[in-house]
Structure formats: C-alpha cells, structure tokens
Amino acid sequence: MATMPEVLPPLYQRWIDALLPEGIPSETRSTCSSCAMLPKAGENADDRTFNPTTKCCTYLPDLHNFIAGNILADDAPENYTARRTLERRIAARVAVTPLSIAPPPLYSVIYSNSALVGPAVFGHSASLKCPLYIEHTGQCGIWRHREAVCATFFCKYERGTFGRRFWEALSSFLGQLEYILRVWALDQIDPTTSLSNASLGAELNKPKKSIDAEGLANVIHPAKYERLWGPFVGREVEIYRSCADLVNRLDFSRVLEIAGGLMATAARSVREMHRRLIADGLPGRVAIGDGHQVQIGRAPGKARLKNSLALYDHIDVPVEALAAATRLVGRPLAQAREQLRAEGLDVDDRTVRSLIDYEVLVPA
C-alpha cells in the first residue's frame, strides 16, 4: 500500500497513524501555501473568499501546556517568531496558566461576538489576525505544533460533506485529548494537583461573554497570577517544556489508557468516519438528500453544488447529470445508470460520487 502523506503535526500524526493505519488522504483542494480562498477573477459576490492579508488565520488558538512547551523547545529558524511571541506572552502573564497560554480575554470576547456570529468576519478582519501568523511569508508560525482546531480546519474537501464530517470528528477527538493530557502532564509534575486545580478553577469561573477591567487593560493582578502558579512563578517555560517532554513520550495505547473509556468510544467514531471517507465503491441504491444548494455554474453547461455543512466549499457538475439525479433513485443504482446510458446520458462514477459527496444523493 502506498504511504500516505503526513497531514497532521508530527505528534498527532504518530498517534493517528496508530488509530488509522490506512492513512488520511490529503485535502489537496485546501492549499495553505497558495490559499484556495483568495479572490479570483470571474467569481461573483456569492463565492466566499478570505482577506489576502489574513487568510483563515483570524483565530488565536488555545496553546495547551505541552503544545506551548514544544514551541518553546523548537530551535528551528522557522519557529523563531512563534517562540519569541510565546516568550513575550509569558512575560506579560495575561491568560498564561499552568494549563495553557490562552487567547487574551479581550480577544476572546471580540472573537465570540463577531467571528462566531456569522461568516462575514472570519477570514476577513485584520483585528483578529493570529499573532502567530507570519504575514510576509503567508505561513503559520507554529505549523509543526498546530493544536486540534488549526490542524483539522480545511476550507475545501476532496469528499465534500464526507470530508467535513471526518475532520470535525477528528477535531473533537484531538481537542478532548488535549484537555485531558494537559491536566495529566501537569499532575505528573505537581502530584499535589494544586497547579491543575487552580487553573481549572480559573477556567470555570472565567466569564464567557463579558470582560472585566483587567481584561480590558490586558493585565492580571500579581496576586491572582501567583495563586495560579504558586511556587512555580518564574518557572513557566520550564513547566511547559516538562509537560511537552511527558506527552511526547506517550504512544497511542498509553494515550487512550490515560484518556479512559469515553475516548475509546470517540476513537471508534473517528474510525467509522474514516471508513466512509476512504470508501471507494458506490452504494447499491441512492435516495434524494437534503442540505445541498444548487446554483448556476460559472461555466456553460455547469451547475454549482454547495452544502450547508461546508461554508467555503463547492464543486461544478454537468447540468444534465444534476437533472438526471432524480432518475437514479428508487431502483438499483447500476440499473438506473444503465438505463440513462441507453438514452445517451452517461453519468460517470466521478459525477455520481460528487452528487453523493455534496448530498444531492445519499446512500439508501
């Protein structure tokens, strides 16, 4: 079997290779180096695009302790900007806890009340640009150490909604592992659990949609910070790097052992979504799906398919194939296609797959 490409950060890739030994196909339509979402000639206002100066990097990730530790330990030249950014964040102390280096409160409130409300802000507002984004190269500054959200976000998918559902499942799975492993690593360093207890308490009591005077001023009271870090104040980099060392040593079986039974169930869900993603064959029968949208295509004889699950994705198919879709239901798919061929309309495998991927048709 051909070797699949590395599509995740190295730490996660090692674990997911154990979970999904068949490998994850690359999302070649979602190109970070030459952004697939930049405005192009011939597109109209209905086609969603991103700001060329921000691309999709209008989201500041929560860098859990072991992720922060890996960034701080990475001496590669391409990691310099990220490492220095984290060092400045630690010196400023705002949203810096033993569990993570989180987005500052002001950023979080603005993001939750703008980018999460609708699609007109995300990918557009320079005010939300991630400080880890390197604008002059157009690259993510922590590419090798991306966390779950950034590692699994794609604007377009090879398999439409199948791809969207798989990556959402994997994002949720990795995100839950991050939350578990950050606490586990911290408790290995501080068996009294005082570090993790103080940080978790601060997270639980953090207002979600409002901000206090300290948050507005982008400061934290020294006493509050000292309660979070206790005797480890001034040793933040050491703690983060120690957490990274602990997590980096874990193989996937040990990760699942630490995570517990619920995460084993989540792993099975990811495997099932992956099975659907890489399935080659067409279903025996199909039915009419929902959630899809059809627009006039940008080329003669083409119709554009979209789906509400994937805001930025679309694909063009022949108009006659779309018109024939309803004639593929209610009987075996092979028989229906043979009848269409007899009438001079050959709906090829790729087109049928596109109709299924965007849920114009669904397996019956």
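For the subset of the range 110-158 comprising residues that are among the charged types (D, E, K, R) and surrounded by 20 or more Cβ atoms within 10 Å (Cβ to Cβ), which member is nearest to GLU78 (Cα to Cα)?
Checked the range 110-158; the qualifying residue nearest to GLU78 (Cα to Cα) is ARG146.
Report, by residue number, each residue of the range 89-142 that is within 18 Å of ASN70 (Cβ to Cβ) and among the polar types (S, T, N, Q).
THR97, SER100, GLN139, listed by residue number.
Of the residues that sit in the range 159-215 and are among the acidic types (Asp, Glu) and not in a helix (DSSP H, G or I), which one is surrounded by the most Cβ atoms within 10 Å (Cβ to Cβ)? Write out each step before concluding.
Here is the first cut: in the range 159-215, the ones among the acidic types (Asp, Glu) are 168, 178, 187, 190, 203, 212, 214.
Then keep just the ones that are not in a helix (DSSP H, G or I); that gives 190, 212.
On the way: ASP190: 16, ASP212: 10.
Residue satisfying both the conditions and the ranking: ASP190.
Out of the residues in the range 312-344 meeting the condition of being part of a loop (DSSP other than H, G, I, E, B) and charged (D, E, K, R), tell me which one is surrounded by the most Cβ atoms within 10 Å (Cβ to Cβ).
Filtering the range 312-344 for residues that are part of a loop (DSSP other than H, G, I, E, B) and charged (D, E, K, R), the one surrounded by the most Cβ atoms within 10 Å (Cβ to Cβ) comes out as ARG331.
Without any contact (Cβ under 8 Å) to a residue 24 or more places away in the chain and among the hydroxyl-bearing types (Ser, Thr, Tyr): is that true of SER354 in this structure? Walk me through it before giving the result.
Working: without any contact (Cβ under 8 Å) to a residue 24 or more places away in the chain: no; among the hydroxyl-bearing types (Ser, Thr, Tyr): yes.
Considered against the rule, which asks whether it is without any contact (Cβ under 8 Å) to a residue 24 or more places away in the chain and among the hydroxyl-bearing types (Ser, Thr, Tyr), SER354 comes out as no.
Got a sec? Which of ARG285, ARG254, ARG276 is of a type in the set (D, E, K, R), at pLDDT below 95 and either surrounded by fewer than 19 Cβ atoms within 10 Å (Cβ to Cβ) or touching a strand residue (DSSP E or B) at 6+ places or on another chain (Cβ under 9 Å) (or both)?
Within the list ARG285, ARG254, ARG276, the selection yields ARG276.
Take LEU170 and decide whether it is within 18 Å of the chain's Cα centre (by Cα), assigned by TED's automatic domain parsing to the domain that holds CYS243 and without any contact (Cβ under 8 Å) to a residue 40 or more places away in the chain.
So LEU170 fails the test.
Would you kindly identify the strands (runs of 3 or more DSSP E) lying entirely within the range 225-311 that contain at least 2 residues that are touching a Lys or Arg at 6+ places or on another chain (Cβ under 6 Å)?
292-296
When the residues of the range 293-345 are filtered to those that are charged (D, E, K, R) and in contact (Cβ under 8 Å) with a residue 40 or more places away in the chain, which remaining residue is farthest from ARG164 (Cα to Cα)?
So the residue we want is ARG331.
The values are calculated or read from the model by the stated rules, or taken from the named source; none is laboratory data. Note that the structure is a prediction, hence the values are computed from the model and not measured. Positions of Cβ are backbone-derived with ideal geometry, glycine not excepted, and every protein chain shown enters the neighbour counts.
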